[in-house]
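Below is one structure, written out as structure tokens; comments come after it.
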Amino acid sequence: MKKRRLATLLVALLTTVVVFGQDSYIVKTNNKNVIRLQGDGLQRAMTDDAANNFVVSNFKFHSLCDWEPGMKFMVIPDKYDLVINTFVNNTTNKEETNVSLMHHIMEYRGHSVMPDGRHRIDFFCTTNNTDYYYLVPSGTFDAYCDNTLGIPTLAYLGDVDIAKEKLMGMTLYAKTTKFRVDTDLNSDGYENVNVEKGTPLKVVSVGVGTRSFPVKIVLEDVNGKQFYQNVAISRTNSGLRQAELMRIYNRNTFQGAFRMVDSLDVVTVQLNKMVDKEVYTRYRTTMRNSRNELVKIARLSTFKIRGVRPNYATGYVRLTLFSTKTAETFVKDVTLDKTSSTGIADGYHNDYYSNIFVEGNPWTDNNVPQAHRTYILQGKVMRGFTEEEVKLALGEPQQIIDVNSSTRDWVYGVDKVVRISNKRVVEVKSY
């Protein structure tokens, strides 16, 4: 009998026609095309202060205890809500099905105590001009309101209204690969699609999603394809704890789904200053050549930076490098954030820009004579080298020992000491 009732309710729900003139909060993607794209393999993430600040500045979490009269919600039942009833008609004192109230807007009117001592939470439905109440399951309102349960089925429209005002027309960048497209205009059918991280997406409409993730953001890429993401922003009545939301449903948070264009503009301006700079490699590293082959690059190799392309989803930057020696072109993915670097693998310094590259030319900047360059490239130091030439050949010393006022020993590991007097090498000791 229960199965038959559930089936009947599901049919009723799926055949419900959405009245768009009345329910302007209902928005849909305008296509069913599934796009499957792959990311570029970069896995690192960079903190997006703009997205965090956007949420903190505009979306306040309202605990049920501090709801104010006039706050609006929409009835959006989940599947498990279809076999139970949430609201009681104040005139008839009879329960109404959640299916019959689907997409109705409820305005919070406060809470009260019934003659029999039971506590209730009061609403006025602006869709059908009827008063309803939600009966507190047990105990008092004050005891019930201070938890994450909230009111079943209700999606908070305050977040939707603010998001619509702030986000319409804005360009966001995909921080997750998982989005959805609507498959039916008159139901909640959808299909999962993949979008490449970092893809610029323009916000074309904002509406209501689900109770847990009430803000539905519909976005469009440069090819006119539309996608959507349901996100929780303030968590008001979402029924989710903050830790639970970030751990399990991170892509359904605004910060987890999107990177904001505001912060990217600043980053882009900073990165553009790197173009045409001359740099050289501090250590040996790897790059990809024009045939996309991974090749080894010797230390002190010199390049001109010809292009800088940030990956907004990962925080990495793709450098296009022109070799001043061979005229070849290479690409190298680097991070400007030391904490995101993968460090050294197989002896190669991998991806922290300031660790790999030094701006300038190692030879002309330090007036290195041609006779010294061969030794430096071999990692050797000879009498007469300057301090700068020693650093080019061996790097920074592990220890410096003062011998007298003009003489110091630069110690490298346990087997090499370079004695420098008046800023010139006078002796090299190897053990």
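The values are calculated or read from the model by the stated rules, or taken from the named source; none is laboratory data. Every value quoted in this text rests on a predicted model; they were computed, and no experiment measured them. Cβ atoms come from the backbone with ideal geometry, glycine included; neighbour counts cover every protein chain shown. Side chains are part of the model used for accessible areas, which takes the heavy atoms of the whole protein and leaves out ligands, DNA and RNA. Shrake-Rupley method; radii C 1.70, N 1.55, O 1.52, S 1.80 Å.
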Item to complete: Report the one residue of Y108, I162, T127 whose Cα lies farthest in the direction of the positive end of the charge dipole of segment 89-185 (charges on C-beta: Lys and Arg +1, Asp and Glu -1; origin at the Cα centre).
Response: I162
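Round to a whole number: what % of the accessible area of segment 101-162 belongs to carbon and sulfur, probe 1.4 Å?
50
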Worksheet, complete the sentence: Distribution output for segment 165-252: share of Cα-Cα pairs per 10 Å bin in percent, first bin at 0, values 17, 49, 32, 3
Fill in: Environment charge at V381 (Cβ cut-off 9 Å; Lys +1, Arg +1, Asp -1, Glu -1)
+2
Fill in: Whole-Hz ³J(HN,Hα) from phi, Karplus 6.51 cos²θ - 1.76 cosθ + 1.60, for segment 379-388, glycine and proline x
x, 10, 10, 10, 4, x, 4, 7, 4, 5
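What is the sum of charges around D402, taking Lys and Arg as +1, Asp and Glu as -1, for the other residues whose C-beta is under 9 Å from the C-beta of D402?
On the way: positive: R408; negative: D409.
For residues surrounding D402, the net value is 0.
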Item to complete: For T126 paired with D415, estimate the spin-label separation in nm (one decimal), with each label point 7 Å from Cα along the Cα-to-Cβ line.
Response: 7.9
Worksheet entry | Carbon/sulfur fraction of accessible area - segment 349-404, other protein chains in place, 1.4 Å, % | 45
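As a quick test, which of the pairs K164/K197; K164/K202; K79/K175; K60/K166 have an alpha carbon distance above 21 angstrom in this structure?
From the list (K164/K197; K164/K202; K79/K175; K60/K166), the Cα-Cα distance tops 21 Å for K164/K197; K79/K175.
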Discussion item. I need the fraction of alpha carbon pairs in segment 392-431 separated by more than 15 Å, rounded to a whole percent.
Written reply: 32
Worksheet item: Say R0 is 22 Å: what FRET efficiency, to the nearest 0.05, do S290 and K325 get from their beta-carbon distance?
Response: 0.90
Worksheet, complete the sentence: Residue span K423 to K380: 0.36 nm per residue of separation minus Cα-Cα distance leaves a gain in nm of 13.8 nm
Discussion item. Using the Karplus curve 6.51 cos²θ - 1.76 cosθ + 1.60 with θ = phi - 60°, what ³J(HN,Hα) values do you get for each residue of segment 69-81, in whole Hz, with x for Gly and Pro?
Written reply: x, x, 5, 10, 9, 10, 6, 10, x, 7, 4, 6, 7
Item to complete: Restricting things to alpha carbons, find the Rg to Rh ratio for segment 100-220 using the Kirkwood radius for Rh.
Response: 1.08
Worksheet entry | Dipole moment magnitude, nearest 20 debye, segment 124-237 about Cα centre, only Lys, Arg, Asp, Glu C-beta charged | 420
Worksheet item: Cross-link list K273/K332; K304/K416; K296/K423; K178/K332: which exceed 29 angstrom alpha carbon to alpha carbon?
Response: K304/K416; K296/K423
Item to complete: May I ask you to give the solvent-accessible area per residue for segment 168-245, in square angstrom, as obtained with a 1.4 angstrom probe?
Response: 36
Item to complete: Tell me which residues come under 5 Å, amide H to amide H, from T199 once H is placed; ignore anything under 5 positions away on its chain.
Response: A174
Worksheet item: Taking 1 over the mean of 1/r across every pair of different Cα atoms in segment 201-247, what Kirkwood radius in Å do you get?
Response: 11.5
Discussion item. Below 14 angstrom from the Cβ of V222, what's the summed charge of the other residues (Lys, Arg +1; Asp, Glu -1)?
Written reply: -1
Response to the item:
Taking only Cα atoms of segment 362-431, the Rg to Rh ratio with Kirkwood Rh works out at 0.95
